[in-house]
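Structure first, then comments.
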Amino acid sequence: MNIREIRTRVVRWKGKTVSIAPHFCTNPMDLLPLSTASMSTFTFHYWLIVEIFTDDRHVGIGNAALAPQVSKQVIDLYLKPILIGADPWDTELLWQHMYRKTMAFGRKGIVMAAISAVDIALWDILGKSAKQPVYRLLGGRTKTRIPVYASRLYSDELNKLAEEARGYKDAGYKAMKLRFGWGPADGAAGVQRNVELVRTVRETVGSEIDVMADAYMGWTLDYAKRMLPLLEPFQLRWLEEPVIPDDIHGYAELKSYGRIPIAGGEHEFTQYGFRDLLAARAVDYIQFDTNRVGGITQARKITALAESHSIPVVPHAGQMHNYHVVMANLNSPIAEYFPVVDVEVGNELFWYIFDGEPKAKDGFIDLDDNIPGLGLTINEKNLAENFEVIE
């Protein structure tokens, strides 16, 4: 079996979008004096779809959401020449070839997102060729079902936030995550607004539901140190991305206090990046996204590395490429789950692009033993009706 062709498509959502309100979610842009809502910088209404075709008619599907227009160019110009004619079963060799060929300008960020999309498609081919779901190739089931946490609860009016949290509890979720709306530029009043968000969710769902909270890189170390004692009474399962990804020392300092577990890694890349996080004792939870970190080939290495340090892996964003990794690893106790909503930030677009993503029931999702590969197909009808497609 050899790779015959590679097709890359960027799709841009052209349907209705929900506007982003001020203080929707704190983020790194909050420290800058901007006239528009800073979260608009982090909305993404484009997505990259990668299809790899083999000479025996298997088609592997991969995807990436980071800078998809540029990621497409990386694949078309630099990765495709490596892959055409290659045996997709040589995943390690192909990964190393892609990584080393782009090392001078890659290693992290956009290039790694491109490599991830290709690698995911390759593993999809392997599962289809072997007539097995991908998680079987990674070690098989470690769970009868995957517990998932409802991940939304953006900053909102407190009564609306409580209503949303109550809805997730009633739907059977045993965990949920909210977003902070305020950061260092908002002063003492913003500190109190953040505390009110967490208090509202905790009082709504009670003490038997896990609550997590995400600062999405929007705080400084000084601000995070201010917030920790105020948040401690609410028994958060973790505080996510409290500082920017490059501030490993800041992560390590916050973790050293032992007040609230610290989570991060959504914006880290490859086993080398996570080796450094683990060596610095910087996080209590690792949160790579398989379609950013280097694909399944890297994800399996990082999960093994994390297990050797007794640090759980809870991948960012759910989606099938992450669910297969979670299913095959005992050290991944839970998965993130984005509920189906109208398009706003863009991280819900995969629901509109692919068919086959499992929907949560009673706070769990499951993977089908009888569907080979990742279990996804592309909803071509929806692409034609609701997206601009860029070949």
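The values are calculated or read from the model by the stated rules, or taken from the named source; none is laboratory data. The structure displayed is predicted, hence computed values, not measured ones. Virtual Cβ from ideal backbone geometry, glycine too; neighbours counted across all protein chains shown. When the accessible area is computed, the model is the full protein with side chains, heavy atoms only, and any ligands, DNA or RNA have been set aside. Shrake-Rupley method; radii C 1.70, N 1.55, O 1.52, S 1.80 Å.
In this structure, does Phe269 turn out to be open to solvent by 10 Å² or more (accessible area, probe 1.4 Å) and either of a type outside the set (A, V, I, L, M) or under 17 Å from the mean Cα position of the chain (by Cα) (or both)? Even if it seems obvious, please write down each step before you answer.
Numbers: open to solvent by 10 Å² or more (accessible area, probe 1.4 Å): yes; either of a type outside the set (A, V, I, L, M) or under 17 Å from the mean Cα position of the chain (by Cα) (or both): yes.
It is true that Phe269 is open to solvent by 10 Å² or more (accessible area, probe 1.4 Å) and either of a type outside the set (A, V, I, L, M) or under 17 Å from the mean Cα position of the chain (by Cα) (or both).
Any idea which of Glu241, Glu157 is over 30 Å from Thr297 (Cβ atoms) and of a type in the set (D, E, K, R)? Explain how you work it out, then say what you get.
Working: Glu241 fails: over 30 Å from Thr297 (Cβ atoms).
The unique qualifying residue is Glu157.
Going through the range 307-327 one residue at a time, which ones are more than 15 Å from the chain's Cα centre (by Cα) and surrounded by 24 or more Cβ atoms within 10 Å (Cβ to Cβ)?
Met327
May I ask you to list the residues in the range 368-386 that are under 22 Å from the mean Cα position of the chain (by Cα), open to solvent by less than 70 Å² (accessible area, probe 1.4 Å) and in contact (Cβ under 8 Å) with a residue 60 or more places away in the chain?
So the first thing to find is which residues in the range 368-386 are under 22 Å from the mean Cα position of the chain (by Cα), and the list is 368, 373-379.
In the following step, the residues that additionally are open to solvent by less than 70 Å² (accessible area, probe 1.4 Å) were identified as 373-376, 378-379.
Matches in the range 368-386: Gly373, Leu374, Gly375, Leu376, Ile378.
Tell me, yes or no, whether the range 295-305 has at least one residue that is of a type in the set (A, V, I, L, M, F, W, C), surrounded by fewer than 24 Cβ atoms within 10 Å (Cβ to Cβ) and in contact with a Leu (Cβ under 9 Å, 6 or more places away or on another chain).
As a first pass, look at the range 295-305 and keep what is of a type in the set (A, V, I, L, M, F, W, C): 296, 299, 302, 304-305.
Next, only the ones that are surrounded by fewer than 24 Cβ atoms within 10 Å (Cβ to Cβ) stay: 304-305.
Within this subset, residues satisfying the condition of being in contact with a Leu (Cβ under 9 Å, 6 or more places away or on another chain) are 305.
Yes, there is a match, as at least one residue in the range 295-305 is of a type in the set (A, V, I, L, M, F, W, C), surrounded by fewer than 24 Cβ atoms within 10 Å (Cβ to Cβ) and in contact with a Leu (Cβ under 9 Å, 6 or more places away or on another chain).
Condition first: over 22 Å from Phe42 (Cα atoms), basic (Lys, Arg), assigned to a helix (DSSP H, G or I) and more than 19 Å from the chain's Cα centre (by Cα). Can you find one or more residues in the range 277-299 that meet it?
Within the range 277-299, none of the residues are over 22 Å from Phe42 (Cα atoms), basic (Lys, Arg), assigned to a helix (DSSP H, G or I) and more than 19 Å from the chain's Cα centre (by Cα).
Can you tell me which residues in the range 29-69 are outside any loop (DSSP other than H, G, I, E, B), hydroxyl-bearing (Ser, Thr, Tyr) and either under 27 Å from Gly218 (Cα atoms) or open to solvent by 20 Å² or more (accessible area, probe 1.4 Å) (or both)? Steps first, please.
Step one: of the range 29-69, the residues outside any loop (DSSP other than H, G, I, E, B) are 29-31, 38-42, 46-54, 59-64, 68-69.
Still in the running and hydroxyl-bearing (Ser, Thr, Tyr): 38, 40-41, 46, 54.
Answer for the range 29-69, where residues must be outside any loop (DSSP other than H, G, I, E, B), hydroxyl-bearing (Ser, Thr, Tyr) and either under 27 Å from Gly218 (Cα atoms) or open to solvent by 20 Å² or more (accessible area, probe 1.4 Å) (or both): Ser38, Ser40, Thr41, Tyr46.
Of the numbered conditions (1) surrounded by fewer than 21 Cβ atoms within 10 Å (Cβ to Cβ); (2) outside any helix (DSSP H, G or I); (3) in contact with a helix residue (DSSP H, G or I) (Cβ under 7 Å, 6 or more places away or on another chain); (4) not aromatic (Phe, Trp, Tyr), Pro333 satisfies every one except a single condition; which is it?
(3)
Restricting attention to the range 8-23, which residues are under 20 Å from Phe350 (Cβ atoms) and either surrounded by 14 or more Cβ atoms within 10 Å (Cβ to Cβ) or not charged (D, E, K, R) (or both)?
Those that are under 20 Å from Phe350 (Cβ atoms) and either surrounded by 14 or more Cβ atoms within 10 Å (Cβ to Cβ) or not charged (D, E, K, R) (or both): Thr8, Arg9, Val10, Val11, Arg12, Trp13, Gly15, Thr17, Val18, Ile20.
So which residues in the range 342-364 are open to solvent by 30 Å² or more (accessible area, probe 1.4 Å), in contact with a Leu (Cβ under 9 Å, 6 or more places away or on another chain) and assigned to a loop (DSSP other than H, G, I, E, B)?
Gly356
Look at the range 1-48 and say how many of its residues are at pLDDT 95 or above and among the aromatic types (Phe, Trp, Tyr).
3
Is there any pair linking a residue in the range 196-215 that is touching a residue at least 24 places away in the same chain (Cβ under 8 Å) to one that is of a type in the set (Asp, Glu), with Cβ under 8 Å and at least six apart or on different chains, and which?
Close Cβ pairs satisfying both conditions: Met212/Glu240; Ala213/Glu240; Asp214/Glu240; Asp214/Glu241; Ala215/Glu240; Ala215/Glu241.
Would you call Leu153 crowded, with 17+ Cβ neighbours inside 10 Å, at pLDDT 95 or above and within 14 Å of Cys25 (Cα to Cα)?
Details: crowded, with 17+ Cβ neighbours inside 10 Å: yes; at pLDDT 95 or above: yes; within 14 Å of Cys25 (Cα to Cα): yes.
Yes.
Of the residues Val59, Val148, Val70, which is within 30 Å of Val341 (Cβ to Cβ), more than 23 Å from the chain's Cα centre (by Cα), among the β-branched types (Val, Ile, Thr) and modelled with pLDDT of 95 or more? Step through it out loud before you land on a result.
Details: Val148 fails: more than 23 Å from the chain's Cα centre (by Cα); Val70 fails: more than 23 Å from the chain's Cα centre (by Cα).
Result of the check over Val59, Val148, Val70: Val59.
Listed residues Arg199, Arg193, Arg141; which is among the charged types (D, E, K, R), open to solvent by 10 Å² or more (accessible area, probe 1.4 Å), modelled with pLDDT of 95 or more and within 25 Å of the chain's Cα centre (by Cα)?
Values: Arg199 fails: within 25 Å of the chain's Cα centre (by Cα); Arg193 fails: within 25 Å of the chain's Cα centre (by Cα).
Result: Arg141 is the single residue among Arg199, Arg193, Arg141 that is among the charged types (D, E, K, R), open to solvent by 10 Å² or more (accessible area, probe 1.4 Å), modelled with pLDDT of 95 or more and within 25 Å of the chain's Cα centre (by Cα).
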